[in-house]
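S.K.: Before I ask anything, here is the structure I am working with.
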Amino acid sequence: LGAPLDAMPRLDDAVKQLSHEHRSHVRLSQALTPWLDLLARRERRERDRQDWLSDVCQGKRNRTPVRLPMPPYQVEGMLHLAFGERAMLADEMGLGKTIQALAACELLRDFRNIERVLIVAPGSLRSEWVRHIAEFTHSSAALVTGAHAVRQRTYREPHAYHIVTYEQVRSDIDDLNSILSPDIVILDEAQRIKNWPTRTAKSVKQLESPYVFVLTGTPLGNRLEELYSLIEFLDPHLFGALFRFQREFFGMTREGELRPRNLA
């Protein structure tokens, strides 16, 4: 019938025109609607990307939304995050994942009017995020610390960026979703959630936001399930249930050991 987004309404009409007897022999999968929604979002993201690039070519927008010259690979990483909505950036250490993520946020602040960004980072890196935000953007940042009541007040403050640790997400997950309600969530050193059964990983995956940026230099370490855990946060439909993932990408050797397969 043609492209799915165009063909689905025609298929609906064709089914509705069937007699009751014949219609009872037709079943449309429940997976169709979310799949079509996914295709529609992909098309919209690509249109948005092309519109933004067109604005840049016409001088309406700045190619680098931060106060720093960006080489082409960083611009590509920025676009990957901003127009991927829920995307992973797996550059090696030293290639500027922080700058690319901030640039993507500033791009979306201008292009999509997003307002609140939650940055989840190891405690040792929080001050670095504050420094980078002050150095490369015109936006305000809040380092969330103190007792629970103090943290709740900070979540209500109108800062562009709020910075918390992974441990704080475990205790503040309800406040983060209901009070802060971020437009973008950034996970720095995201391998912290690679072990999917841990309390930290489960708490982080409860964060609600339309945009998610996962930053890590090691998306895959010792076990294939580590990659599964990261992707599960970005898009749980991509790999599906864990048992399906294991069935698809693991096989048993003659010696009775589980080994990865189908990696290509």
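The values are calculated or read from the model by the stated rules, or taken from the named source; none is laboratory data. Values in this document were obtained by computation on a predicted structure and should not be read as measured data. We place every Cβ from the backbone using ideal geometry, glycine too, and count neighbours over all the protein chains shown. Side chains included, ligands, DNA and RNA excluded: accessible areas come from the protein's heavy atoms. Shrake-Rupley method; radii C 1.70, N 1.55, O 1.52, S 1.80 Å.
S.K.: Let me know the charge dipole size of segment 54-153 about its Cα centre in debye, to the nearest 20, where only the beta-carbon of Lys, Arg (+1) and Asp, Glu (-1) is charged. It would help to have the intermediate numbers written out before the result.
M.R.: Details: 13 positive and 10 negative charges, 76 e Å.
Using only the charged Cβ atoms, the result is roughly 360 debye.
S.K.: Return the Rg/Rh value of the chain, two decimal places, where both radii are evaluated on C-alpha atoms and Rh is the Kirkwood radius. Each step should come with its number before you reach the end.
M.R.: Numbers: Rg = 21.5 Å, Rh = 20.8 Å.
Expressed as Rg/Rh, it is 1.04.
S.K.: Can I ask one more? Please state the charge dipole magnitude for the chain, taken about the Cα centre, from unit charges on C-beta atoms (+1 on K and R, -1 on D and E), reported in debye and rounded to the nearest 20. Let's see the in-between values first.
M.R.: Working: 36 positive and 35 negative charges, 42 e Å.
Value, rounded to 20: 200 debye.
S.K.: Still on this structure, please answer the following. HN-Hα J couplings of segment 242-258 from phi, Karplus 6.51/-1.76/1.60, θ = phi - 60°, integer Hz, Gly and Pro as x?
M.R.: So the J values, rounded to whole Hz, are 4, 5, 5, 4, 5, 5, 6, 10, 10, x, 9, 7, 4, 7, x, 9, 7.
S.K.: On to the next question. Would you mind calculating the gained length between LEU5 and ARG41 on full extension (0.36 nm times residue separation, minus the Cα-Cα distance), in nm to one decimal? Each step should come with its number before you reach the end.
M.R.: Numbers: separation 36, 0.36 × 36 = 12.96 nm, distance 1.10 nm.
Contour length minus the Cα-Cα distance gives 11.9 nm.
S.K.: In whole angstrom, and with the biggest value first, how far do the Cα coordinates of segment 146-264 range along each principal axis?
M.R.: Cα extents, longest axis first: 59, 24, 24 Å.
S.K.: Report, by chain and number, residues whose modeled amide H sits under 5 Å from the one on TYR211, excluding near sequence neighbours (fewer than 5 apart, same chain).
M.R.: VAL185
S.K.: Straight-line reach from LYS194: which lysines have a Cα under 30 Å away, not including same-chain ones fewer than 8 places off?
M.R.: LYS97, LYS202, LYS205
S.K.: Further, regarding this structure: Shape call for segment 109-212 from the C-alpha gyration tensor, a ≥ b ≥ c root eigenvalues: rounded (a/c under 1.5), prolate (a/b greater than b/c) or oblate?
M.R.: Numbers: a/c = 1.38, a/b = 1.33, b/c = 1.04.
Because its axes are fairly even, with a/c under 1.5, segment 109-212 counts as rounded.
S.K.: Over segment 179-264, what relative contact order in percent results from Cα pairs under 8 Å that are six or more residues apart?
M.R.: Values: 98 pairs, mean separation 20.8, N = 86.
Reported relative contact order: 24 percent.
S.K.: Another one. By the scheme Lys and Arg +1, Asp and Glu -1, what is the net charge of all other residues having a beta-carbon under 14 Å from that of ALA147? Each step should come with its number before you reach the end.
M.R.: Working: positive: ARG151, ARG153; negative: ASP172, ASP175.
Computed value for this residue: 0.
S.K.: Summarise the long-distance tail of P(r) for segment 170-209 by giving the % of C-alpha pairs beyond 17 Å.
M.R.: Details: 217 of 780 pairs.
So the portion of pairs separated by more than 17 Å is 28 percent.
S.K.: Quote the relative contact order of the chain in percent (integer), defining contacts as alpha-carbon pairs under 8 Å separated by 6+ residues. List each step's numbers first, then the result.
M.R.: Values: 338 pairs, mean separation 41.4, N = 264.
Dividing the mean separation by the residue count of the chain yields 16 percent.
S.K.: How many percent of the accessible area of segment 210-264 is carbon or sulfur, using a 1.4 Å probe? Please report the intermediate quantities before stating the final value.
M.R.: Details: 1850 of 3510 Å².
Using a 1.4 Å probe with all protein chains present, segment 210-264 comes out at 53 percent carbon and sulfur.
S.K.: Per residue of segment 214-224, in order, report the coupling 6.51 cos²θ - 1.76 cosθ + 1.60 (Karplus, θ = phi - 60°) as ³J(HN,Hα) in whole Hz, putting x for Gly and Pro.
M.R.: 9, 10, 7, x, 10, x, 9, x, 8, 9, 5
S.K.: Mind listing the phi-derived Karplus ³J(HN,Hα) values for segment 178-191, rounded to whole Hz, using 6.51, -1.76 and 1.60 with θ = phi - 60°, and x for any glycine or proline?
M.R.: 8, 8, 6, 6, x, 7, 9, 10, 10, 9, 9, 6, 5, 4
S.K.: Also, quick follow-up: Starting from the Cα of VAL15, step 7 Å along the direction of its Cβ; do the same at ALA31; then give the gap between the two resulting points in nm.
M.R.: In this crude spin-label approximation the distance works out to 1.5 nm.
S.K.: Quick one: accessible area per residue over the chain, 1.4 Å probe, rounded to a whole number of Å²? All intermediate terms of the calculation are to be shown ahead of the outcome.
M.R.: On the way: 14800 Å² over 264 residues.
Dividing the accessible area of the chain by its residue count gives 56 Å².
S.K.: Related question: Tally up the carbon and sulfur contribution to the accessible surface of segment 67-124 as a whole percent, 1.4 Å probe, everything protein left in place.
M.R.: Working: 1260 of 2380 Å².
Carbon plus sulfur share of accessible area: 53 percent.
S.K.: So what's the gap between the Cα centers of segment 88-151 and segment 209-261, to the nearest angstrom?
M.R.: One Cα centre to the other: 27 Å.
S.K.: Please report, in whole Å, how far the alpha carbons of segment 1-116 spread along each principal axis, starting with the longest.
M.R.: 66, 33, 27
S.K.: While we're looking at this one, here's another question. For segment 75-161, taking Cα atoms only, what is the radius of gyration to one decimal and the Dmax to the nearest whole Å?
M.R.: When restricted to Cα atoms, segment 75-161 yields Rg and Dmax of 13.6, 41 Å.
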